[in-house]
Amino acid sequence: MKEKLREAIRAVAEKEGRLVVLTGAGISAESGIPTFRGPEGYWTVGSKEYRPEEMATFAMFSRNPDEVWQWYLYRLGVCRKGEPNAGHRAVVEMERLLGDRFLLLTQNVDGLHLRAGNTLERTFQIHGNIEFMRCAADCTRDFFPLPESVATKTKDEPLTDADRAALVCPRCGGRSRPHVLWFDECYDEEHYRFNSSIQAAVAADMLLSVGTSGATNLPMQVGAIASQKNALLVDVNPDSNPFSTMAEGSGGFFCQGPAGDILPEFVDLFAP
Ligand code: NAD
Ligand code: ZN
C-alpha cells in the first residue's frame, strides 16, 4: 500500500474521525453473486431479454408480477448460496474497531454484511433486503420475512399456486412485493434510510467506497457531499468509475483491485 494512503488513513484514525463505508455489488462478486454489469445480468420473459434496469422496476412488476418474483426468488437462491468473503470480514473488523464512529451504507440486497457480523444498527441497507417482502399496495409500511414455504427458483422454474398464495401482504391479503428499491422508485427514510445516509455523508471524515459503479442516485450524492466536506475519499474497485474519479479529483486515493485483497490491508490502520 502507498505510504501516503497509509498516512492519510492513520490521520483520520488518530483524530478519532468518522468512517462511512459505502458498498456496491462488487464487494459480493467474490462471494459468487454477480454484479449487474456482467453477462449474468439478463433475464428472459417470454421471448424477450431484459436488463436489470428494466426488470427491477415497479412498472415491470405491475405488468408481470410472477416473472419479477421468479427473478427475485432465483437471485435469492444465489444470495443464500454465497458466503461472506474477506472484504465483508474486513468491514466487520472496521466496525469492531471504530464502534459509533463507523457506518455502513450498502446498496446490496444480499444481506451478506449482516451475515458477516456487521450490526443492523450501523448498517443502512439503502436498497432493501431480498429476504423481505412488503405490501405492493402500501397498506402498511412494515416489511416481513419471506414465508419459509416459498422456495428459491432455478432460472426456468415458474411460481407455483402455493407460492402465489404465500406471497401476499400479511395485513390486507393483497399481493406482496420484494422489499427492494426499484429503478423507477424514490428513496425514503423509513425503508431506505435516505436522510440518515445524507447526514452520515455530512459528518464523515473518510468515505471508503467499494465495488460500486455509481449508477444510482443516493450513493453519488453521498460521494459528492463527503467530497465537498473535505472528507478523505478512498475508492476500491478493479475498474475506474465515478467514485475513483471523485477520489482522485479531491486528493483522495483509488485502490485498483478486488475488495477481498485490498480491504483486509486497511483494517489495522483503524486500530487505536
Ligand atoms: P454494479 O453492478 O453497477 O457495479 C459493480 C461494481 O463492482 C463495478 O464498478 C465493478 O467494477 C465492481 N467490482 C467487480 N468485482 C469487484 C471486486 N471483486 N471488488 C470490488 N469491486 C468489484 O453495482 P452497484 O453499483 O452496486 O449498483 C447496481 C444495483 O444493483 C444496486 O442498486 C444494487 O442494489 C443491485 N445489486 C445488488 C447485488 C447484491 O446484493 N449483491 C448484486 C447485483 C446488483
Ligand atoms: Zn397490504
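The heavy atoms of D142 present about 90 square angstrom of accessible area, all protein chains included, probe 1.4 Å. Extents of segment 129-216, taken as max minus min of Cα coordinates on every principal axis and listed largest first, are 51, 31, 23 Å. In the context of the full protein assembly, H88 retains an accessible surface of approximately 0 Å², using a probe radius of 1.4 Å and ignoring ligands and nucleic acids. With a Cα cut-off of under 17 Å and a minimum spacing of 8 residues unless on different chains, the lysine pairs in the chain number 5.
Peptides 96-108, 72-84 ranked from most to least packed by the mean count of surrounding Cβ atoms within 10 Å: 96-108, 72-84. Along the Cα-to-Cβ line of T140, 7 Å from the Cα, sits a label point; which residues in segment 158-193 have backbone N less than 14 Å from it? The answer is 168-177.
Two-decimal Rg/Rh of the chain from alpha-carbon positions, Kirkwood Rh?
Over the Cα atoms of the chain, Rg/Rh equals 0.99.
Positive end of the dipole of segment 1-154 (Cβ unit charges, origin at the Cα centre): among L5, Q70, P39, the Cα lying farthest that way belongs to L5.
Using the Cβ atoms and a cut-off under 12 Å, what net charge is assigned to the surroundings of R51, where Lys and Arg are +1 and Asp and Glu are -1? Cβ neighbours under 12 Å give a net charge of -2.
Go ahead and run the numbers for FRET between D261 and C186, Cβ-Cβ distance against an R0 of 25 Å, rounding to 0.05.
Details: r = 36 Å, r/R0 = 1.43.
According to the calculation, E is roughly 0.10.
Expressed to the nearest 5 percent, the antiparallel share of DSSP beta bridges inside the chain is 35 percent. In this simple spin-label model, placing a label point 7 Å from the Cα along the Cα-to-Cβ direction at both L120 and S240 gives a separation of 4.2 nm.
Computing FRET efficiency as 1/(1 + (r/R0)^6) for I198 and S47, where r is the C-beta to C-beta distance and R0 is 30 Å, gives about 0.10. Take every DSSP beta bridge whose two residues both sit in segment 2-156; close to 45 percent of them are antiparallel. With all protein chains kept in place, the per residue accessible area of segment 1-65 amounts to 53 square angstrom at a probe of 1.4 angstrom.
Tell me whether segment 182-260 comes out rounded, prolate or oblate; compute the Cα gyration tensor, take square roots of the eigenvalues as a ≥ b ≥ c, and use a/c under 1.5 as the rounded threshold.
Oblate, because a/c is 1.5 or more while a/b does not exceed b/c.
Does segment 150-190 come out rounded, prolate or oblate by the C-alpha gyration tensor, with a ≥ b ≥ c the root eigenvalues, rounded set by a/c under 1.5 and, if not, prolate when a/b is larger than b/c and oblate if not?
The shape class here is oblate.
Our helix-only sum for the chain, with -39,500 (n - 2.57) per DSSP H run of n ≥ 4 divided by its residues, gives a mean residue ellipticity at 222 nm of -11000 deg cm²/dmol.
Here the Karplus relation 6.51 cos²θ - 1.76 cosθ + 1.60, evaluated at θ = phi - 60°, turns the backbone of segment 37-42 into coupling constants of 8, x, x, 5, x, 6 Hz, with x for every Gly and Pro.
Count the net charge of all other residues whose Cβ sits under 12 Å from the Cβ of P242, scoring Lys and Arg as +1 and Asp and Glu as -1. Net local charge, P242 excluded: -3. The Cα atoms of segment 16-65 give a gyration tensor whose axes a ≥ b ≥ c have a/c of 1.5 or more with a/b no greater than b/c, which makes the shape oblate.
The values are calculated or read from the model by the stated rules, or taken from the named source; none is laboratory data. Since the structure is predicted, the reported quantities are computational estimates derived from the model, not experimental observations. Because the Cβ atoms are built from the backbone with ideal geometry, glycine has one as well, and the counts that use them run over all protein chains shown. Note: areas computed on protein heavy atoms with side chains; ligands, DNA, RNA excluded. Shrake-Rupley method; radii C 1.70, N 1.55, O 1.52, S 1.80 Å.
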